[in-house]
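Peer 1: Encoded as structure tokens, here's the structure I'll be asking about.
The values are calculated or read from the model by the stated rules, or taken from the named source; none is laboratory data. Owing to the predicted nature of the structure, the values given are computational and were not obtained by experimental measurement. Heads up, the Cβs are rebuilt from the backbone with ideal geometry, glycines too, and the neighbour counts pull from every protein chain shown.
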Ligand code: AMP
Ligand code: GLY
């Protein structure tokens, strides 16, 4: 079997780990991949006569561009939704309209397609609303202004100065919700869906949830405060989402990642992502007992998805970041990796080779993951191993999973 992973982050490395665990003898390739994955380079792949048995698409950009459709047109099996379904993530307006149509609980909202519209809509709010750029913005498209004045400046930056290019030319206003966030994951295709677990990300850069937003500095799974009531609600949310996917005739074969907030009125959906999360995948794959490749194949073939089995343990992930992240980073610093205990997983993200030396090349360089019988144990294992990885400027949050909400 020849399997192609599209993407280059620690998320893709975690997917690779989950497949290799059960199928070490298959051939794995990644595009563009990273040297920490220790699989053949694309140049080596190009020299072979390859016909992919399965393509797995990690990030949102290629999904939104229809790369899954392109491969499928050539008769290749793909884990990843078509562009029609990817719009659930790539257009926040499309996504909210979908939620409204299928009666999915979410924050009240208004859309604006021009700057003039946006100013009119803003006038109707007495408290500052959340403002979201409609298109993909790599996690930089959500704003929580503290005053109406600040909201005005944000609209001007997005819709007049084009801060985020065409992604910000339309905007969404949302009522501001409060409560803890929880992410839920499902595998889905034409035959149905299966629950894959919950996770919580730490999106802010610094300890105590301070500092700028990032792609995610650490995660844990499962989310211990998820109770039966939440599970009943999320099952209903997923059922309605699934009915919507079928009714809209979307070619959705992949993951539904539902970002929720638990408000006083129960769970509300903040967003859909049409892909695995990074670094949520690192903890989900660590906990996965089932054969991921078997699941992914069933999803891609539109066959009945087998039951998903998870270990009875918890998992915790800490991201090792480059100096400067989430702004401009200090890159090309040589990396040293010492011996890690057998049960510690090190997933490589922003690494590359410079004159044969492994160096850091983007903000989130590694994900260090451990399983434990409880979070304290998992935390001790991860934090006790961090000194095995060294590069100039490396930093990380010290409080992942400390206060579990
Ligand atoms: P999103 O990309 O839509 O998940 O938004 C990124 C982050 O912004 C979320 O993880 C929340 O922390 C926050 N956020 C988004 N929408 C809202 C909302 N309606 N009320 C409060 N916070 C929000
Ligand atoms: N960690 C958040 C995401 O992947 O969207």
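Peer 1: Filter the range 194-214 down to residues that are closer than 21 Å to residue 262 by Cα and within 16 Å of ligand 2 (Cβ to nearest atom), then give me how many there are.
Peer 2: 11
Peer 1: Among 154, 104, which is more than 15 Å from ligand 2 (Cβ to nearest atom) and part of a helix (DSSP H, G or I)?
Peer 2: 154
Peer 1: Across the range 358-385, which residue is farthest from residue 319 (Cα to Cα) among those that are assigned to a helix (DSSP H, G or I) and in contact (Cβ under 8 Å) with a residue 24 or more places away in the chain?
Peer 2: 375
Peer 1: Here are some conditions: (1) over 30 Å from residue 25 (Cα atoms); (2) within 16 Å of ligand 2 (Cβ to nearest atom); (3) touching a helix residue (DSSP H, G or I) at 6+ places or on another chain (Cβ under 7 Å). Residue 262 meets all but one. Which one does it not meet?
Peer 2: (2)
Peer 1: Let me ask something additional. List the residue pairs whose Cβ atoms are under 9 Å apart, where the first residue sits in the range 40-62 and is closer than 22 Å to residue 349 by Cα, the second is modelled with pLDDT under 70 and not in a helix (DSSP H, G or I), and the two are 6 or more positions apart or on different chains.
Peer 2: Every condition considered, the pairs that remain are 40/48.
Peer 1: Given the conditions (1) farther than 30 Å from residue 71 by Cβ; (2) within 16 Å of ligand 1 (Cβ to nearest atom); (3) in contact with a strand residue (DSSP E or B) (Cβ under 6 Å, 6 or more places away or on another chain), which single one is not true for residue 233?
Peer 2: Only one criterion is unmet by residue 233, namely (2).
Peer 1: Tell me, which residue of the range 278-309 that is within 15 Å of ligand 1 (Cβ to nearest atom) and in contact with a helix residue (DSSP H, G or I) (Cβ under 7 Å, 6 or more places away or on another chain) is nearest to residue 77 (Cα to Cα)?
Peer 2: 278
Peer 1: Quick check on the range 175-193: of everything there that is farther than 15 Å from residue 107 by Cα and more than 16 Å from ligand 2 (Cβ to nearest atom), which residue is surrounded by the fewest Cβ atoms within 10 Å (Cβ to Cβ)?
Peer 2: 192
Peer 1: Now, a different point. Can you find a residue that is surrounded by fewer than 16 Cβ atoms within 10 Å (Cβ to Cβ) and in contact with a helix residue (DSSP H, G or I) (Cβ under 8 Å, 6 or more places away or on another chain) anywhere in the range 5-15?
Peer 2: No.
Peer 1: Also: Among (1) more than 26 Å from residue 353 (Cβ to Cβ); (2) touching a residue at least 60 places away in the same chain (Cβ under 8 Å); (3) assigned to a helix (DSSP H, G or I); (4) touching a helix residue (DSSP H, G or I) at 6+ places or on another chain (Cβ under 8 Å), there is one condition residue 84 misses while meeting the rest; what is its number?
Peer 2: Looking at each condition in turn, residue 84 falls short on (4).
Peer 1: Within the range 332-348, how many residues turn out to be part of a strand (DSSP E or B) and farther than 23 Å from residue 280 by Cβ?
Peer 2: Of the residues in the range 332-348, 3 are part of a strand (DSSP E or B) and farther than 23 Å from residue 280 by Cβ.
Peer 1: Could you list, in sequence order, all residues of the range 109-140 that are within 14 Å of ligand 1 (Cβ to nearest atom), surrounded by 13 or more Cβ atoms within 10 Å (Cβ to Cβ) and part of a loop (DSSP other than H, G, I, E, B)?
Peer 2: Matches in the range 109-140: 125, 128, 129, 134, 135, 136, 137, 140.
Peer 1: Consider residue 277 against the criteria (1) under 30 Å from residue 392 (Cβ atoms); (2) at pLDDT 95 or above; (3) more than 19 Å from the chain's Cα centre (by Cα): it satisfies all of them except one. Which criterion is unmet?
Peer 2: Here residue 277 meets the rest and fails (3).
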